[in-house]
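Enquirer: Below: one structure in structure tokens.
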């Protein structure tokens, strides 16, 4: 348990980053249709970037966010630069589109049955769509003030789960919040969680062999609907990650130095470690906690400060600092501004990389599962899918994949730590190897088909020589063809043509056997009887 249960979190932020797989995928040429589907209901509005036509609207915060990243990451996040010529092009848009819900203002969360609801402000609900990638990221940011630290950690542990993993003896979803409600600006309830509806989840899994997304999250994602739902919406998604959504948390405490090592460990592992469970002291992640999960370049553990600590476990990034520090609380220039923008983008990029790689792997596995080598249409569909995957993976490798995002030490360190804990490099190597195996299969299959074609053409050419020689007698002047009646000329021409076509078709149909016969004829080790047996096989019926 926490050593400081009465400690208050003066300012609290919880940011969820939930990746899902879009089914079916969309490409750049379909973005206009996607835009129409997203905005036609009036709940989602496109988010314009900060690079407006009027420089007076471009704030210092936007500038600091932009220059924190390397040029190729800037192009990924913000698009191509504008032309310096007055009549030049306006620039190329960023390779992702962002939409924001306009109808949500607050969130009520009841942690356990009988508890008072906790009112959270909803800063925004965004949906990131990436061009050419079958991936979307739902981003939900909520905030509150003056929460007990134990309550804040319980909220971080329970909120942000796509569905319950089971139910307790009272029928309530395990590890989930008891109830959560999305509210509009007038306080009206827009959507409610349903983790207690056990029958719905059991029926869905039994019928579809896929987990059922909770009612609140399903409502939040619309017009995207789960792939297995009986709904006519063309925008569909599938789950590709664990049901616990990746999250970021900002905790402003009066005195972070009063927290013990166990307190920091529980805060770092808040997404997976219930407050009532004992600390696994022999776990390697606990033993090496400071080295593996702590970024302490701004932690001095002194009265003068600063006392700011980053805790990163891959699926969670928590920032703990002093509520009395003006710089730590500054929403425009301090750590709070960086947390919501630069550090959020670092966290988002790392999880986008993982989601895209999982999507690639899932697509390749689905293509192999659908392959039936006895069905020519299945083979053609498989080759088309794999070639499209090659093209998309190539774009991902050169457009989205990078190991360095910034020359700023803290930004780069957080990215590398998150990427390492998510094992993105290993996942990239696995997917790259899968793509290489698919490429080798397509190349070998293409070479096999080409070899078969060359073989058939060779056999037909060899046996076509016989027909060529036979029909050549028409031009050898051994007979006086001008004196032959026209009817006999036509008869002979038709007869020779028919026989030639028949011989060519027969040679094509039996090209494999004729090839074996030619090989037997060229083998000096075979006797005459063996060669005659090989010749006889050409005319036998194939064995059943």
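The values are calculated or read from the model by the stated rules, or taken from the named source; none is laboratory data. It should be emphasised that the depicted structure is a prediction, and the values quoted were computed from it without experimental measurement. Virtual Cβ from ideal backbone geometry, glycine too; neighbours counted across all protein chains shown.
Enquirer: Output the number of residues of the stretch 293-311 satisfying the condition of being farther than 23 Å from residue 67 by Cβ and part of a strand (DSSP E or B).
Expert: 5
Enquirer: Would you kindly identify the strands (runs of 3 or more DSSP E) lying entirely within the stretch 21-118 that contain at least 1 residues that are modelled with pLDDT of 90 or more and more than 30 Å from residue 147 (Cβ to Cβ)?
Expert: 44-46
Enquirer: In this structure, does residue 340 turn out to be out of contact with any helix residue (DSSP H, G or I) (no Cβ under 7 Å at 6 or more places or on another chain) and either without any contact (Cβ under 8 Å) to a residue 40 or more places away in the chain or not assigned by TED's automatic domain parsing to the domain that holds residue 413 (or both)?
Expert: The answer is no for residue 340.
Enquirer: Just one of (1) touching a strand residue (DSSP E or B) at 6+ places or on another chain (Cβ under 7 Å); (2) within 18 Å of residue 294 (Cα to Cα); (3) surrounded by fewer than 21 Cβ atoms within 10 Å (Cβ to Cβ) trips up residue 256, so point out which.
Expert: So residue 256 meets the others, but not (3).
Enquirer: Now for a separate question. For the stretch 369-387: of the residues being over 15 Å from residue 432 (Cα atoms) and surrounded by 14 or more Cβ atoms within 10 Å (Cβ to Cβ), which is nearest to the chain's Cα centre (by Cα)?
Expert: Selected residue: 385.
Table: residues versus (1) modelled with pLDDT of 90 or more; (2) part of a helix (DSSP H, G or I); (3) within 23 Å of residue 17 (Cα to Cα); (4) not assigned by TED's automatic domain parsing to the domain that holds residue 69.
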{"site": "352", "(1), (2), (3), (4)": "yes, yes, yes, no"}
{"site": "363", "(1), (2), (3), (4)": "no, yes, yes, no"}
{"site": "366", "(1), (2), (3), (4)": "no, yes, no, no"}
{"site": "390", "(1), (2), (3), (4)": "no, yes, no, no"}
{"site": "403", "(1), (2), (3), (4)": "yes, no, yes, no"}
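Enquirer: While we're looking at this one, here's another question. Just one of the numbered conditions (1) surrounded by fewer than 16 Cβ atoms within 10 Å (Cβ to Cβ); (2) modelled with pLDDT under 95; (3) farther than 28 Å from residue 360 by Cα is not true of residue 209; which one?
Expert: (3)
Enquirer: Report the residue count in the stretch 263-293 for those that are in contact with a strand residue (DSSP E or B) (Cβ under 6 Å, 6 or more places away or on another chain) and under 15 Å from residue 250 (Cα atoms).
Expert: Within the stretch 263-293, residues that are in contact with a strand residue (DSSP E or B) (Cβ under 6 Å, 6 or more places away or on another chain) and under 15 Å from residue 250 (Cα atoms) number 3.
Enquirer: Do you know which residues across the stretch 323-337 are surrounded by fewer than 21 Cβ atoms within 10 Å (Cβ to Cβ), touching a residue at least 12 places away in the same chain (Cβ under 8 Å) and under 15 Å from residue 254 (Cβ atoms)?
Expert: Listed by number, the residues that qualify are 323, 324, 325, 329.
Enquirer: Counting just the residues of the stretch 402-424 that are more than 17 Å from residue 66 (Cβ to Cβ) and surrounded by fewer than 15 Cβ atoms within 10 Å (Cβ to Cβ), which one comes out nearest to the chain's Cα centre (by Cα)?
Expert: Per the criteria, the residue is 423.
Enquirer: Can we say residue 540 is over 55 Å from the mean Cα position of the chain (by Cα) and in a loop (DSSP other than H, G, I, E, B)?
Expert: no
Enquirer: For residue 506, state whether it is at pLDDT 75 or above, surrounded by 12 or more Cβ atoms within 10 Å (Cβ to Cβ) and closer than 23 Å to residue 454 by Cα.
Expert: So residue 506 passes the test.
Enquirer: Does any residue of the stretch 481-488 turn out to be at pLDDT below 70 and exposed (fewer than 11 other Cβ atoms within 10 Å of the Cβ)?
Expert: yes
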